[in-house]
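Just below is one structure, and these are the notes that go with it.
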Amino acid sequence: MAETKPDTAANTDGEWDLEVRPHRAIITVRIVAAVLAAVFIFGGIVLRQGSTGVNFRVSDQLGLAAFGLVLAAGVLTLTRPRVRVGKRGVMVRNIVGDSEFGWQDIRGISFPDKKSWARLELVHDEYVPMMAIRSNDKMRAAEAMDRFRELGAKYTGENK
């Protein structure tokens, strides 16, 4: 089910009626990040054990562990995608940056065949991928699309 966030800090004035984040992808990314960090930290700890013929020092161990943490932090950026829908339009946040679109610029939302995420259809035959609405979320994605369409009909009907 799509998450609605009526009481978030950015939504104190009721600005956003719908907020959607991927569900399964976030769980998967968190697991992958934890495994990466654990493997590199473990590798750093056991690096000096045994005789490999290479002279590893404490700084090498710390560097390997730090690299694992940086790698895990990089993987965690994949948890950023979010879509917000409200009266003023749609705000799409993918991995890097936010984009906001007014209802006058939006033609609709679609889920192309064999694609991993939905896309926001814009005027002039342009589109923006919405990584927050993912196909592997199944019913959550379908409910988010339905709610998005309801809100789109509501707000474009008010503007006409």
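The values are calculated or read from the model by the stated rules, or taken from the named source; none is laboratory data. As the structure is a computational prediction, the values presented were derived from the model and not from experiment. Cβ: placed from backbone, ideal geometry, glycine included. Neighbour counts: every protein chain shown. The area values use the complete protein model at the heavy-atom level, side chains included, leaving out ligands, DNA and RNA. Shrake-Rupley method; radii C 1.70, N 1.55, O 1.52, S 1.80 Å.
Solvent exposure of the chain, expressed per residue, is 61 Å² of accessible area, with all protein chains present and a 1.4 angstrom probe. An ellipsoid equivalent to the range 50-102, defined through the eigenvalues of its Cα gyration tensor, has semi-axes of 45, 7, 6 Å when rounded to whole angstrom and sorted largest first.
Taking square-rooted eigenvalues a ≥ b ≥ c of the alpha carbon gyration tensor, is the chain rounded, prolate or oblate, where a/c under 1.5 means rounded and, failing that, a/b exceeding b/c means prolate? Prolate is the answer for the chain, as a/c is 1.5 or above and a/b outweighs b/c. The mean sequence separation of alpha-carbon pairs under 8 Å and at least six residues apart, normalised by the residue count of the chain, gives a relative contact order of 23 percent.
So if R0 is 35 Å, what FRET efficiency would residue 127 and residue 45 give, r being the distance between their Cβ atoms, rounded to the nearest 0.05?
Working: r = 47 Å, r/R0 = 1.35.
Efficiency, from the Cβ-Cβ distance: 0.15.
Accessible area of the chain with a 1.4 Å probe: how many percent of it is carbon plus sulfur? About 57 percent, which is the carbon plus sulfur part of the accessible surface. The trypsin sites (Lys or Arg not before Pro) of the range 102-137 that DSSP puts in a loop, and whose beta carbon has at most 15 other beta carbons within 10 Å, are 114, 115.
Ligands, DNA and RNA aside, residue 36 has an accessible area near 40 Å² when probed at 1.4 Å.
Lysine pair count for the chain (Cα-Cα distance under 25 Å; residues 8 or more apart in sequence or on different chains): 8.
Would the range 106-149 count as rounded, prolate or oblate if I go by the C-alpha gyration tensor, calling it rounded below 1.5 in a/c and otherwise prolate when a/b exceeds b/c, oblate otherwise?
The shape class here is oblate.
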